[in-house]
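Single-structure report; data block below.
The values are calculated or read from the model by the stated rules, or taken from the named source; none is laboratory data. Remember, it's a predicted structure, so these values are computed and weren't measured experimentally. A quick note on method: Cβ atoms are made from the backbone with ideal geometry, for glycine too, and the neighbour counts reach across all protein chains shown.
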Amino acid sequence: MADPRAFQVADTLRNGVAVTIRALRADDRERMGHALRGLDRESIYTRFFAYRKPTDELLDRAMRFDADTEVVLVVTTAGDAGETIVAAGRYIVTGGPEGALTAEVAFMVEEDFHGLGIAGRLLRHLASIARDRGIAAFEAEVLAGNKAMLAVFARSGLPMRTAHEDGIVRVTLALRDGPD
């Protein structure tokens, strides 16, 4: 199994824009801060279930992760000013029943890049890494009104279960074959 901290692939979005999908690096702090500060209120709300002003504490949390239990991938574009982060996906191992590892998965995509397949690509890469690390399922909590994210999960091709409660959809995606 390759080290996920070295993950990097080139890809092309539906609109023809070339992107790099790669592991978050320590030198991404300024780029990640710019990405977080550039999100509109709706994107922040759908990601965090509340509006939060992008603060240094939020940026600290975005940049800090334990490589043994978390994987963070970013999607970048290249431009005259250098590399720009336009999206990120993360999973965090949360445990699991009877030793079957599960992980919570979440995404953030800059508004100008919505609808281009970024979250689905991030999900596919995160799922591949997670399988290699013995994770059996991804879990996510999604606002019921976030139809775009629910569609990403539904189109993933992964066996999916949902439970609805108080405006939140709890999604479970099976990453490997086995009993439920």
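Summary of computed values
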quantity: Residue selected from region 43-59 under the condition over 17 Å from the mean Cα position of the chain (by Cα) and either of a type in the set (D, E, K, R) or on the phi > 0 side of the Ramachandran plot (or both), by the criterion modelled with the lowest pLDDT; calculated: R52
quantity: Cβ pairs under 6 Å, 6+ apart, first in region 1-19 and more than 16 Å from H114 (Cα to Cα), second surrounded by 10 or more Cβ atoms within 10 Å (Cβ to Cβ) and hydroxyl-bearing (S, T, Y); calculated: A10/T20
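One line per residue, one yes/no per condition, for (1) outside any strand (DSSP E or B); (2) at pLDDT below 90; (3) hydrophobic (A, V, I, L, M, F, W, C); (4) touching a Cys at 6+ places or on another chain (Cβ under 8 Å):
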residue	(1), (2), (3), (4)
T102	no, no, no, no
R124	yes, no, no, no
R131	yes, no, no, no
G145	yes, yes, no, no
M149	yes, no, yes, no
V152	yes, no, yes, no
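The rows are residues; the columns are (1) under 23 Å from H34 (Cβ atoms); (2) within 13 Å of the chain's Cα centre (by Cα); (3) surrounded by 13 or more Cβ atoms within 10 Å (Cβ to Cβ); (4) of a type in the set (F, W, Y).
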| position | (1), (2), (3), (4) |
| --- | --- |
| A103 | no, yes, yes, no |
| V109 | yes, yes, yes, no |
| G117 | yes, yes, yes, no |
| H125 | yes, yes, yes, no |
| D132 | no, no, no, no |
| E139 | no, yes, yes, no |
